[in-house]
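The values are calculated or read from the model by the stated rules, or taken from the named source; none is laboratory data. The model shown is predicted, which means the values in this text are computed figures rather than measured ones. Note that each Cβ is placed from the backbone with ideal geometry, even for glycine, and that neighbours are counted across all protein chains shown.
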Amino acid sequence: MSLEKSWRRLQRAVVETQVWKSIFRVGIPNTNRKRVLAMLGNVVLHLHPVKTRKSGVKMRYTWCAGGMTFFLFLVLTFTGLLLMFYYRPTIEYAYGDMIDLREQVPFGVMREMHRWGAHAMVIAVWIHMFRVFMTGSYKPPREFNWNVGVVLLVLTLLLSFTGYLLPWDQLAIWAITVGSNMARATPLAGNEGPFSAQIAVNGVNLVTAGSDARFGLLGGRIVGANALLRFYVLHCVFIPLVAAFLMAVHFWRVRKDGGISGPL
Amino acid sequence: MADTISTGAAPAAKAATEAPSRRSVLSWLAVAWLAFAAGVGAFVTTMARFLFPNVLFEPPSSFKAGYPSDYQVGEVDERWKEKFQIWVVRTPEMIYALITVCTHLGCIPNWLAAQNKFKCPCHGSGYYRSGINFEGPTPRPLERAAISISPEDGQIFIDKSRKFLYEKGQWTDPAAFIKTT
């Protein structure tokens, strides 16, 4: 009995300190007003809706596919970040670092988790797209969000493409050779594509093997050191930032259009 | 109250004489927006040009390949395959240089001397020793590189940056082969 009393006294003492009150402004959320204030006053919590609708947890409807995709994205970001402590994107070190990651670093299975997670995210994003299509959740007012989703799909595939080069093994080099050779055949922007010869100033071709889209992608004429570094920056920084921004738009639109799996 | 009325009147009168016209505001805005667009355009252009380096650290595309007497008639020589991705082929009439890049999707084919053909390990494209394709998914023959005798020392000079395509009729160009008869 007295133990409980002194425990309560301790609690009250802590809760009434300036430090506590500066962090937790609202107190125990035991009224609806306090519940709302607690959510809205927190930077992480305010990103979520204050209430979850019953329709939002209909797994038979959503398959949780979008949620899975986002969860996998977070897993990949986190494991990728950890891998960055050991991997160097140069042609001297890339393959060796990858092998060392697997064999010498404790829990080096992180590298495999990153790779499997990437495969899983691509599969999940297709399943999510399929589900959205099958439930007609692309119809007005949700058409814009569908388009944002398509762009996110392309970004996911680009992340897979750029990440594939980083182990710098035979599979990586030839896959990217084939893929970047396709960039050569782009109309207007590829030096072996249609209409590229038409873009010339004073008889000097502007779109050549040293200045076309493929050159810009690889940073050179061959899949070499420049290409590795470029793909590393694209894979780790540029595309994730663009994807994160578009995901924010994607989730915002879902919220604004009535919440996930809300009635059409 | 009296205070606010009197102070209210003075700024109102001031504003009436100095209010900008609709036209001047719009033209000012147009100039401002144009300047902003120009600034953004300049930034994007700079960024795009930044991504195209002027100097590359890649292996040279032209090299001296020894003397014609180093190459046997009727043979496909692989000594430069690893370093420069070139096969030197000598026939009774001429010497030419084939670029070792498969014209299907860019892998490096193998020369199978026993079967007298180039065969790509990726998707099975097959070429005769002339470079003409005869099997597999490739749509066109291997490409030839510019080849000549260097006037300085008589060595064979191969320049991969100049390519000759059979399907464009370029193999008859004198820069595409060395005549040996």
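For every residue, the table says whether it meets (1) closer than 29 Å to A:Ile260 by Cα; (2) without any contact (Cβ under 8 Å) to a residue 60 or more places away in the chain; (3) among the acidic types (Asp, Glu).
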{"position": "A:Leu10", "(1), (2), (3)": "no, yes, no"}
{"position": "A:Gln18", "(1), (2), (3)": "no, yes, no"}
{"position": "A:Phe24", "(1), (2), (3)": "no, yes, no"}
{"position": "A:Thr31", "(1), (2), (3)": "yes, yes, no"}
{"position": "A:Lys34", "(1), (2), (3)": "yes, yes, no"}
{"position": "A:Val43", "(1), (2), (3)": "yes, yes, no"}
{"position": "A:Pro49", "(1), (2), (3)": "yes, no, no"}
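When B:Arg49 is tested against (1) in a helix (DSSP H, G or I); (2) under 30 Å from B:Gly154 (Cβ atoms); (3) out of contact with any strand residue (DSSP E or B) (no Cβ under 9 Å at 6 or more places or on another chain), only condition (2) is not met.
Whether a residue is away from chain B (no Cβ under 13 Å), of a type outside the set (A, V, I, L, M) and either surrounded by 15 or more Cβ atoms within 10 Å (Cβ to Cβ) or over 23 Å from A:Ile91 (Cα atoms) (or both) was assessed, and A:Asn226 does not pass this test. Assess whether B:Phe118 counts as being closer than 16 Å to B:Asp77 by Cβ and aromatic (Phe, Trp, Tyr). Judged against the criteria, B:Phe118 is a match.
Of all residues in the stretch A:236-264, those that are on the phi > 0 side of the Ramachandran plot have Cβ atoms under 6 Å from Cβ atoms of residues that are small (Gly, Ala, Ser), 6 or more apart or on another chain, in A:Gly259/A:Gly56; A:Ser261/A:Ser55. For the stretch B:37-65, a tally of residues being charged (D, E, K, R) and within 12 Å of another protein chain (Cβ to nearest Cβ) returns 2. The one condition from (1) in contact (Cβ under 8 Å) with a residue 24 or more places away in the chain; (2) in a loop (DSSP other than H, G, I, E, B); (3) surrounded by 14 or more Cβ atoms within 10 Å (Cβ to Cβ) that A:Tyr86 does not meet is (1). Is the stretch A:163-171 home to any residue that is more than 13 Å from chain B (Cβ to nearest Cβ), surrounded by 15 or more Cβ atoms within 10 Å (Cβ to Cβ), of a type in the set (A, V, I, L, M) and not in a helix (DSSP H, G or I)? Yes: the stretch A:163-171 contains one or more residues that are more than 13 Å from chain B (Cβ to nearest Cβ), surrounded by 15 or more Cβ atoms within 10 Å (Cβ to Cβ), of a type in the set (A, V, I, L, M) and not in a helix (DSSP H, G or I). Residues in the stretch B:54-82 that are among the charged types (D, E, K, R) and in a loop (DSSP other than H, G, I, E, B): B:Glu58, B:Glu78, B:Arg79. Regarding the stretch A:238-255, can at least one residue be identified that is under 14 Å from B:Pro53 (Cα atoms) and either within 11 Å of chain B (Cβ to nearest Cβ) or exposed (fewer than 15 other Cβ atoms within 10 Å of the Cβ) (or both)? Looking through the stretch A:238-255, none of the residues is under 14 Å from B:Pro53 (Cα atoms) and either within 11 Å of chain B (Cβ to nearest Cβ) or exposed (fewer than 15 other Cβ atoms within 10 Å of the Cβ) (or both).
In the stretch A:151-179, the residues that are on the phi > 0 side of the Ramachandran plot and at pLDDT 95 or above form Cβ pairs under 9 Å with partners that are part of a helix (DSSP H, G or I) and buried (at least 16 other Cβ atoms within 10 Å of the Cβ), at six or more places apart or across chains, as follows: A:Trp168/A:Ala94; A:Trp168/A:Met98; A:Trp168/A:Leu228. The set of residues from the stretch A:33-55 being surrounded by 12 or more Cβ atoms within 10 Å (Cβ to Cβ), assigned to a helix (DSSP H, G or I) and not hydroxyl-bearing (Ser, Thr, Tyr) comprises A:Lys34, A:Arg35, A:Val36, A:Leu37, A:Ala38, A:Met39, A:His46, A:Leu47.
Residue count for the stretch A:190-200 under the criterion of being surrounded by 17 or more Cβ atoms within 10 Å (Cβ to Cβ) and more than 12 Å from chain B (Cβ to nearest Cβ): the result is 3. Just one of the listed residues (A:Leu155, A:Leu217) is under 30 Å from A:Ala120 (Cβ atoms) and within 14 Å of chain B (Cβ to nearest Cβ), and it is A:Leu217. Please enumerate the residues belonging to the stretch B:86-123 that are surrounded by 17 or more Cβ atoms within 10 Å (Cβ to Cβ), within 14 Å of chain A (Cβ to nearest Cβ) and in contact with a strand residue (DSSP E or B) (Cβ under 8 Å, 6 or more places away or on another chain). B:Ile99, B:Thr100, B:Thr103, B:Pro109, B:Cys120 - these are the residues of the stretch B:86-123 that are surrounded by 17 or more Cβ atoms within 10 Å (Cβ to Cβ), within 14 Å of chain A (Cβ to nearest Cβ) and in contact with a strand residue (DSSP E or B) (Cβ under 8 Å, 6 or more places away or on another chain). Filtering A:Arg214, A:Arg184 for residues that are touching an Asp or Glu at 6+ places or on another chain (Cβ under 6 Å), basic (Lys, Arg) and surrounded by 15 or more Cβ atoms within 10 Å (Cβ to Cβ) leaves a single hit, A:Arg184.
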